[in-house]
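Below is one structure; the comments refer to it alone.
The values are calculated or read from the model by the stated rules, or taken from the named source; none is laboratory data. Bear in mind the structure is a predicted one, so any value in this text is a computation, not a measurement. Here Cβ is always computed from backbone atoms with ideal geometry, including for glycine, and neighbour counts include all displayed protein chains. With ligands, DNA and RNA removed, areas are computed over all heavy atoms of the protein, side chains included. Shrake-Rupley method; radii C 1.70, N 1.55, O 1.52, S 1.80 Å.
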Amino acid sequence: MRIVGLGGFANVGKTTILKKLIDDLKISGLDLQTTVPDPFWSDDLHAMFKNSDNGDIIFIATGGDSPIHVLNNISEAKRKGAKILVTPYRISRNADVQDIISEDLKAMLISKPKYPKKEDSKRVYDLYVDRLKSYLL
């Protein structure tokens, strides 16, 4: 399973970016299979898409606020037969990075800056969504 990780400190917009990614993928030709609340935090989601071109399952988790949360995202994606997992992780915790790398030595890890300028935040979020989409489509 390929893992794409969106790393950052707490409260930098990782969840916002991933929820926007889910919304964008709904209109980008991927078939939304399910969207369910994350078992660790009801404000977070697990979304599963199927790529109609190749049949790949893409699993996106918006929550990753603890090491066990990241491990659960990996386990749940595997259980669902995902070819690609998109998960957030905290760059301030080495355990998160190690868990991701242990699962996928070629994981794509993207870091989100801690403090973008307020007036640039929408543009920055859109750039991250576009970059993540480029790995999925």
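Listed values, structure above:
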item	result
Every pair of residues 6+ apart whose Cβ atoms lie under 7 Å, when the first sits in the range 8-25 and is free of Cβ contacts under 8 Å to residues at least 40 places away in the same chain and among the small types (Gly, Ala, Ser) while the second is open to solvent by less than 20 Å² (accessible area, probe 1.4 Å) and in a helix (DSSP H, G or I)	none
Pair list, Cβ under 8 Å, 6 or more apart: the range 72-93 residue more than 15 Å from Asp104 (Cβ to Cβ) and touching a residue at least 60 places away in the same chain (Cβ under 8 Å), other residue open to solvent by less than 50 Å² (accessible area, probe 1.4 Å) and assigned to a loop (DSSP other than H, G, I, E, B)	Pro88/Thr62; Pro88/Gly63; Pro88/Gly64; Arg90/Ala10; Arg90/Gly64; Ser92/Ala10
Filter result for the condition that a residue is touching an Asp or Glu at 6+ places or on another chain (Cβ under 9 Å) and of a type in the set (D, E, K, R), over Lys20, Lys26	Lys20
Output for the range 22-64, where each listed residue is of a type in the set (Gly, Ala, Ser), more than 14 Å from Pro88 (Cα to Cα) and in contact with a Leu (Cβ under 8 Å, 6 or more places away or on another chain)	Ser28, Gly29, Ser52
Search result, residues across the range 96-126 that are at pLDDT 90 or above and hydrophobic (A, V, I, L, M, F, W, C)	Ile100, Ile101, Leu105, Ala107, Met108, Leu109, Ile110
Selection from the range 1-35 of residues that are assigned to a helix (DSSP H, G or I) and either farther than 13 Å from Asn51 by Cα or open to solvent by less than 10 Å² (accessible area, probe 1.4 Å) (or both)	Lys14, Thr15, Thr16, Ile17, Leu18, Lys19, Lys20, Leu21, Ile22, Asp23, Asp24, Leu25
